[in-house]
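Working notes, beginning with the structure itself.
The values are calculated or read from the model by the stated rules, or taken from the named source; none is laboratory data. Just so it is clear, the structure is predicted and the values come from calculations on it, not from any experiment. Note that each Cβ is placed from the backbone with ideal geometry, even for glycine, and that neighbours are counted across all protein chains shown.
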Amino acid sequence: MNYPIFQSIVNTIRSDVESKHIRIENFRTWQDNTIFATGLELSIQLKPLTKFFDKLSINFDWDQYREYQIAKNLEGLDNHPLLETNELAKSIPKPTIDVELMWVFNSEKAQPVMPNGDGNYRMDFASSWMEQITQNQQLKLQQGPNITRWHVEIEGDKEGKFLSTIQLISYFQFNLSDLVNMQELQEYVQKSLKELLVRSSRVIQTSEDTISKAIAERQMTS
């Protein structure tokens, strides 16, 4: 199935990140015709530029219903192949693009082994700074609707339980309904990507400061 509008979005993102000399770890599009969906997975390498992060993943989700709605709204797309699909004429989803930001922490550096630790002190330590970051992110991510959550996995060793996986995930939805033509779409994508990267930088800086402070305070009391 062809998604020329989404392909234009992908090309715009690729050109934009390359022009910014961003350290791309992975740039991959996917397509699942069983659910009429497609998407882009973009991973940005954060180490060794950050202390406590491995990478940032940005995932863009799309489907034929959104493709149809955008094709119907934009000027100059009368020959878009999906406009000939009568079944889609009854589709009612808003022309939006869903975006997932996922910050992947370096779990070892973010919950170091410390002297005089007892029980599950690493997991308790991580839970403490995670709570502080969550409270801070309510301020950093307040522009526009979004949902933010943590994903963790727990393991254990001779030092007790610890978080083997720590990910902070935030979901956004950008409305494309007011766009008139492909040029406006490309400009909007560039603007939105810049906004996402700025927000991400704020999250990283806040998290780095929070974890560094927590480690310093823990070391002073050990």
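Is there a residue in region 159-174 that is closer than 24 Å to residue 217 by Cα, at pLDDT below 90 and of a type outside the set (S, T, N, Q)?
Yes, because at least one residue in region 159-174 is closer than 24 Å to residue 217 by Cα, at pLDDT below 90 and of a type outside the set (S, T, N, Q).
Which one is farthest from residue 70 (Cα to Cα), of the residues in region 1-23 that are among the hydroxyl-bearing types (Ser, Thr, Tyr), touching a helix residue (DSSP H, G or I) at 6+ places or on another chain (Cβ under 7 Å) and part of a helix (DSSP H, G or I)?
Per the criteria, the residue is 12.
If residue 71 satisfies every condition in (1) surrounded by 13 or more Cβ atoms within 10 Å (Cβ to Cβ); (2) part of a helix (DSSP H, G or I); (3) within 21 Å of the chain's Cα centre (by Cα) but one, which is the exception?
Residue 71 satisfies every listed condition except (3).
Quick one: count up the residues across region 95-109 that are among the β-branched types (Val, Ile, Thr) and not in a strand (DSSP E or B).
Result for region 95-109: 0.
Specify the residue that is farthest from residue 9 (Cα to Cα); the eligible residues are those in region 89-107 that are within 22 Å of the chain's Cα centre (by Cα), surrounded by 13 or more Cβ atoms within 10 Å (Cβ to Cβ) and of a type outside the set (A, V, I, L, M).
Once the filter is applied, the top-ranked residue is 107.
Step by step: first the residues of region 171-205, then only those that are touching a helix residue (DSSP H, G or I) at 6+ places or on another chain (Cβ under 8 Å) and part of a strand (DSSP E or B), then the one that is surrounded by the most Cβ atoms within 10 Å (Cβ to Cβ). Which residue is that?
172
Can you pull out every residue in region 35-53 that is polar (S, T, N, Q) and over 19 Å from residue 98 (Cα atoms)?
45, 50
Of the numbered conditions (1) more than 30 Å from residue 216 (Cβ to Cβ); (2) assigned to a loop (DSSP other than H, G, I, E, B), residue 30 fails exactly one; give the number of that condition.
(2)
Which pairs turn up if I take residues in region 1-23 that are within 18 Å of residue 97 (Cα to Cα) and surrounded by fewer than 18 Cβ atoms within 10 Å (Cβ to Cβ) and look for partners that are of a type in the set (S, T, N, Q) and at pLDDT 95 or above with beta carbon separation below 6 Å, at least 6 apart in sequence or on another chain?
16/190
Quick test of your reading of the structure: residue 114 fulfils all but one of (1) within 29 Å of residue 196 (Cα to Cα); (2) modelled with pLDDT under 90. Name the failing condition by number.
Residue 114 satisfies all of (1) within 29 Å of residue 196 (Cα to Cα); (2) modelled with pLDDT under 90 except (1).
Specify the residue that is surrounded by the most Cβ atoms within 10 Å (Cβ to Cβ); the eligible residues are those in region 24-42 that are touching a residue at least 24 places away in the same chain (Cβ under 8 Å) and closer than 19 Å to residue 67 by Cα.
38
Let's see how each residue does on (1) modelled with pLDDT under 90; (2) of a type in the set (A, V, I, L, M, F, W, C); (3) loosely packed, with under 13 Cβ neighbours inside 10 Å; (4) not in a helix (DSSP H, G or I):
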residue: 44; (1), (2), (3), (4): no, yes, no, yes
residue: 50; (1), (2), (3), (4): no, no, no, yes
residue: 54; (1), (2), (3), (4): no, no, no, yes
residue: 57; (1), (2), (3), (4): no, no, no, yes
residue: 62; (1), (2), (3), (4): no, yes, no, yes
residue: 75; (1), (2), (3), (4): no, no, yes, yes
residue: 79; (1), (2), (3), (4): yes, no, yes, yes
residue: 82; (1), (2), (3), (4): yes, yes, no, no
residue: 87; (1), (2), (3), (4): yes, no, yes, no
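Restricting region 113-129 to residues that are touching a strand residue (DSSP E or B) at 6+ places or on another chain (Cβ under 6 Å) and assigned to a helix (DSSP H, G or I), which is surrounded by the fewest Cβ atoms within 10 Å (Cβ to Cβ)?
Here the answer is 123.
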